[in-house]
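Read through the structure below, which is laid out as structure tokens, and then see the notes.
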Amino acid sequence: MSTRRDLGQRMLAALAGPRYGRRAEIVSGVRLGVHTRSFRELPRKAGTDEVDTIIQAMAECGVHECELFAPQVEARFGGDHGAAHHGTMSAMSPQMMRRELRKWRLRTPLDHFRAIGHRFRKAGITVYAYNYSPDPSFTDEEIDRGFGMAKALGAEIITASTTLDMAKRIAPFAEHHQMAVAMHGEIGTPAGFAAVTAMSKFFKVHLDVGHFTAGHFDAVEYIRQHHAEITNLLLSDRRKNQGDDLPWGRDDAPIREVLLLLKREAWPIRAYVEHEYPGARDPIEEVKKCIAYAKQVLL
């Protein structure tokens, strides 16, 4: 794991280098990016928040497009994520923490998210998707607020790890805001994707290649048949079971074949690294390895 000193040195190097002005990484026609949850274990330097940490990590990795994980820009109330300047309330019960988070979501001005979006753009980073995942504890007001947050950030779409029952609740808000919501989570099977895309023209597919493979489904064939419904991919490697993610190239997920398919067909589907495999010492170095792997395949 990176130390605060290591991360501080990387911050200075990133700020001094030319990468902040670069555009999205497009390799042989394929747009590469990262899910910011990949950096969830990085320490924050004193006086900064998690947004700074993400920006600096992406600069270090040479990545300029992302799917932004909502908990990394929300307040935390006793959890293990969130912006440092909001503080924690670890003595609160789970029910109280949930109520406080709901109040924070509904009361925080959208200018808070506009400012975050500006910080990413100033760093040369595109927030393509806002990963905001309603569950049964969400009120309708919270679901609606997610669309406002996403638009304020400058995101084109929302991604959501959720269920078919929740998708039914989300549908009218997607229609009202005229904004695409790309689904995965429990929906992430061919049958689940078919059911959800039939609900609304604004519902799309957010395909996790590793998880899809773990469920014994063929990601390459699914992408070939349903590419028009897919907004972006999460690239991870897993065996054909429900085990943990592992370093790329060691398991059954057809990452190489998927990347070559996107290159060959030139479909406008983003391909984002999601680093989740356990035991890795440094998330930045692991994301770098994944990006290098993808580039080697595509070039």
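Observations
- Some residue of the stretch 228-242 being in a helix (DSSP H, G or I), surrounded by 15 or more Cβ atoms within 10 Å (Cβ to Cβ) and at pLDDT 95 or above: yes
- Scanning the stretch 28-42 for residues that are in a helix (DSSP H, G or I) and out of contact with any strand residue (DSSP E or B) (no Cβ under 8 Å at 6 or more places or on another chain) returns a single hit, Phe39.
- Of the helices (runs of 4 or more DSSP H) entirely within the stretch 102-215, those holding at least 3 residues that are at pLDDT 95 or above, over 19 Å from the mean Cα position of the chain (by Cα) and over 30 Å from Gln56 (Cα atoms) occupy 140-153, 164-177, 190-197.
- Cβ pairs under 8 Å, 6+ apart, first in the stretch 183-209 and among the aromatic types (Phe, Trp, Tyr), second assigned to a loop (DSSP other than H, G, I, E, B) and surrounded by fewer than 21 Cβ atoms within 10 Å (Cβ to Cβ): Phe202/Gln178; Phe202/Met179; Phe202/Ala180; Phe203/Ala180
- When Arg169 is tested against (1) surrounded by 20 or more Cβ atoms within 10 Å (Cβ to Cβ); (2) of a type in the set (Lys, Arg); (3) under 29 Å from Arg105 (Cβ atoms), exactly one condition is not met: (1).
- One residue stands out among those in the stretch 252-299 that are assigned to a loop (DSSP other than H, G, I, E, B) and acidic (Asp, Glu): the one that is modelled with the lowest pLDDT, which is Glu276.
- Residue match in the stretch 201-213 (condition: in contact with a helix residue (DSSP H, G or I) (Cβ under 8 Å, 6 or more places away or on another chain), of a type in the set (D, E, K, R) and within 20 Å of Ala271 (Cβ to Cβ)): yes
- Taking the numbered list (1) charged (D, E, K, R); (2) at pLDDT 95 or above; (3) farther than 24 Å from Asp237 by Cα in turn, Asp80 passes all entries but (2).
The values are calculated or read from the model by the stated rules, or taken from the named source; none is laboratory data. Keep in mind it's a predicted model, so treat the numbers as computed, not measured. As a convention, Cβ positions derive from the backbone with ideal geometry for all residues, glycine included, and neighbour counts pool all protein chains shown.
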